[in-house]
Every structure is written in C-alpha cells, then in structure tokens.
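K.L.:
Please read through the structure below; I'll follow up with questions.
Only the coordinates and a few stated rules stand behind these numbers; no lab work does. Note that this is a predicted model, so its numbers are computed, not measured. A quick note on method: Cβ atoms are made from the backbone with ideal geometry, for glycine too, and the neighbour counts reach across all protein chains shown.
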Amino acid sequence: MVKELKVDREKCVHCKTCLDVCFKNVIEWDEEQQIPYAKYPLDCQVCCICETTCPKNAIEVIPDWDAKYYPRYVSTMREVKF
C-alpha cells in the first residue's frame, strides 16, 4: 500500500508514462491539476515502476509500512515485530 504518491509539478512533463506502466492501475490522471495521483492506494504493490520509469524523476512513492495487512514474515523469513 502506498501512503503517498509525491509528484513534483515542476519536473512532470505530462507524458503519462506512470499510468502506462502501473500494472495494478493504481495511478490515474487528474485532468484539472494535470498531474498523476494514486486513485487506488490500497492496491499499490510498492514496486516503484512508476517512480523508476518517470523520465524526469518527478514521482516519489512513499510506502505505508505501518499498514496492518502486511505479512508477518519478510523475504528472509524473519518475523517482523509490530
């Protein structure tokens, strides 16, 4: 889950690459403000593809690591203490 999708309005060139690469369709385009935004933050897989493919590095994905649905085990199989 994403806590915040920060978009630098000065860097964004409105190419909409972030919308194209998001395989979960989390990102939508705000026609009024002319910037992308996280319409479905609960569906975000925090893959950061939108962040890494942005040609101007205008996007920053801020994960919500405190979200209650995250698994109790990380990839190293160590238990995560909340």
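K.L.:
Name the residue from Val26, Pro63, His14 whose Cα lies farthest towards the positive end of the charge dipole of region 2-63, charges +1 on Cβ of Lys and Arg and -1 on Cβ of Asp and Glu.
P.N.:
Pro63
K.L.:
With +1 on each Lys and Arg Cβ and -1 on each Asp and Glu Cβ, how big is the dipole of region 2-63 about its Cα centre, in debye rounded to the nearest 20? All intermediate terms of the calculation are to be shown ahead of the outcome.
P.N.:
Working: 8 positive and 11 negative charges, 32 e Å.
The dipole of region 2-63 has a size of about 160 debye.
K.L.:
Residue separation times 0.36 nm, minus the C-alpha to C-alpha distance between Val46 and Asp64: what's the value?
P.N.:
Details: separation 18, 0.36 × 18 = 6.48 nm, distance 0.90 nm.
So the extension gain works out to 5.6 nm.
K.L.:
Could you calculate the FRET efficiency of Glu4 with Lys56 from 1/(1 + (r/R0)^6), where r is the beta carbon distance between them and R0 is 22 Å, rounded to 0.05?
P.N.:
On the way: r = 19 Å, r/R0 = 0.85.
So, using R0 = 22 Å, E works out to roughly 0.75.
K.L.:
For region 2-63, report the translational diffusion coefficient in µm²/s to the nearest whole number, using Stokes-Einstein at 4 °C, 1.567 mPa s, and a Kirkwood Rh over Cα pairs.
P.N.:
On the way: Rh = 11.3 Å.
Reported coefficient: 115 µm²/s.
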